[in-house]
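Everything below concerns the one structure shown next.
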Amino acid sequence: MISSLAFTFHVATPTRSAHGWTRGMPPPVHHLHQPHPQHHPTPRFAFSPRATVSEPAPSAPPADVPGISEEDESLTVAAYIRPDPNETYSSSTSSSSPSTRESLDALVSQLDAQDYTDSTGGNRTRDNVLKSCQASTVAVHGGERIRGVKKTKAILDAIQVPIVQSSTYTFRSTRDCIDYNRGMYSSFEYGRYGNPTTRAVEEKIAALERTDDCLLSSSGMNSVTTMLLALVPEGGHIVTTTDCYRRTRQFVSVLLPKMGITCTVLDPADLDGLRDVMQRRSVSLYFSESPTNPMLRVVDVPSIVNLCKEHGALSVFDTTFATPINFRPMDYGADLVLHSATKYMAGHQDVMAGALAGKAALVDKVRQLHGVLGGVVDPQAAFLINRGLKTLSLRMKAHNRNGEAITQFLNSHPKIEKVNHPMLSTHQDHEVAMKLFTKGFGGMLSFELKGDGNPWSVETFEAVGRFIDNLKIPYIGPSLGGCETIIEQVCIMGYFDQPLHERRRLGITNGLVRLSCGIEESEDLIDDLEAALRYA
Ligand SMILES: *Cc1c(COP(=O)(O)O)cnc(C)c1O
């Protein structure tokens, strides 16, 4: 039922881009106001939204309308359309036509100005027609089309964003189709280009990041890959950091080279190295997590952003671990911020999604390619993310609290060699983190169990297993950012098939443990850790 709202939500789909018109659509409005010199100003058809089916349809073009020149292959459908005399919009409306960034609130308020009645008018209303239809037809169409403002308002008054479980958005008339393609009427058109439930989440995330726009997609990896493919030109060069989400590294090192895209990998703190690369070659894009996984490195976003701006490179930060509650790269002039919304944003380990937020023109560009690659998030998932986001701030307070309390506990425990958490003055990036993370450092940490003192020994490997298996509260598993505390021995969770020399290079020892603190009470978690450490 809710799918019919598509008629009244004036939200544009990614039909137009900075590079022109996509998906074979007719050209933008300005063509219409510059009639081809060869053409008679009178078009073939006059469209009236109030035309009834009983009116005689024009059987042939009027004789005084010259034919469209056969030589002009560039002509589009727009050449056939006569401007509606009742049109109030002018060519200048194209710049103020509905954009994907228009807020749903503003769009919905427009509804009040419109009172949709059955557009075909007369006695032959849809209700009347349905009255004389067979049950099979009524079963399909009865009660489905909510067009009146009153009925629509009742749905829009729902306290929750409705799940608009619809792949397709229909048009009421041919005129609407034409207006849509001319940018004068908006529709989501098709689920790959947008969805009202998803749009609500995008607006919420853009607002949380204090930036222009956001694109939600089917997973964090989908956001990463679509963003890189959209923004890095063929043969381009990118810079990433050593401590990086494994699949991102895989994409950058295995897939991008096929497009001639190369990469420099730097230590997260290596600003001199970054300056050097920027001076030596043209860098298209810098991409780093902050904090990183699993070493919780924090990059100096303001300095990196400045370097990037100086050299014309885009700066993108994956702040999945921080969330906009703890840190917003956009505040420091970054171009884009990326999240695995699967983690803290959704926050309940029940849904997968990615979010890319930032400057409008860049998000638009990625949205265009997203419409082609098709990594669409499901509306049900979008609903769950919206629900999760409502408690993001509350949850992050608990994650921050547990992250700090457990770090302190582990840091002074005799069986722990080292804790990786930016709150510790021993952490490489402590100073940068103190400057940027004023709200909290998050609930992620990793640490080295001592074992027999050799981080690569079998004894240390087994000590970690005994410790983890004796925990009663945390779950053993990958992923992070949920309400439940999750623990993993890093070398067997994501690096099982990695050769030792590769693990040595990345610092993934046998004793390394990653902990995603949930929102339980700190004391309960610490008691459990203390008890289990006796077995290590
Ligand atoms: C999980 C994660 C990703 C990948 O996100 P998915 O939603 O699992 O595809 C990317 N970056 C970071 C930092 C992550 O933790």
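We did not get these values from a lab; they are worked out from the coordinates using the rules stated. The structure displayed is predicted, hence computed values, not measured ones. When we count neighbours, we look across all protein chains shown, and the Cβ atoms used for this are built from the backbone with ideal geometry, even at glycine.
See the values below:
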{"item": "Integer Hz, Karplus 6.51/-1.76/1.60 couplings in order for region 389-402, x for Gly and Pro", "result": "4, 4, 10, 3, 5, 4, 5, 4, 4, 5, 4, 4, 4, 5"}
{"item": "Rg and Dmax [Cα atoms of region 490-536; Å; Rg one decimal, Dmax integer]", "result": "14.1, 39"}
{"item": "³J(HN,Hα), Karplus 6.51/-1.76/1.60, whole Hz, each residue of region 234-250, x for Gly, Pro", "result": "3, x, x, 10, 10, 10, 10, 10, 4, 8, 8, 3, 4, 6, 5, 4, 4"}
{"item": "5 angstrom amide H check on Leu266, placed H, neighbours 5+ away", "result": "Thr240, Thr241, Thr242"}
{"item": "Amide proton proximity set for Lys418, modelled H, under 5 Å, gap of 5+", "result": "Glu448"}
{"item": "Sites Ala361 and Thr174, calculated FRET efficiency, Cβ-Cβ separation with R0 41 Å, nearest 0.05", "result": "0.80"}
{"item": "Sites matching GluC sites (Glu not before Pro) across region 190-250 that sit in DSSP coil, with at most 15 neighbouring C-beta atoms within 10 Å", "result": "Glu234"}
{"item": "Filter on Lys415/Lys439; Lys309/Lys397; Lys204/Lys365; Lys365/Lys397; Lys359/Lys397 - keep pairs with C-alpha separation over 26 Å", "result": "Lys415/Lys439; Lys309/Lys397; Lys365/Lys397; Lys359/Lys397"}
{"item": "Magnitude of the charge dipole, region 408-483, Cβ model with Lys/Arg +1 and Asp/Glu -1, debye to 20", "result": "320"}
{"item": "Contact order relative to length of region 147-250, as percent, for alpha carbon pairs under 8 angstrom and 6 or more apart", "result": "17"}
{"item": "Sequence ranges 520-526, 297-303, 173-179, 313-319, ranked by mean other-Cβ count within 10 angstrom, highest first", "result": "313-319, 297-303, 173-179, 520-526"}
{"item": "Residue-wise HN-Hα coupling along region 439-456, computed from phi with Karplus coefficients 6.51, -1.76, 1.60 (Hz; x: Gly, Pro)", "result": "8, x, 9, x, x, 9, 8, 9, 8, 9, 7, 5, x, 8, x, 10, x, 10"}
{"item": "Lys/Arg +1, Asp/Glu -1 at C-beta; region 332-396 dipole; positive extreme among Ser393, Tyr344, Ala382", "result": "Ser393"}
{"item": "Size of charge dipole - region 157-235 - debye, nearest 20, with Cβ of Lys, Arg +1 and Asp, Glu -1, no other charges", "result": "200"}
{"item": "Efficiency of FRET from Cβ geometry, Asn454 and Arg275, R₀ 60 Å, rounded to 0.05", "result": "0.95"}
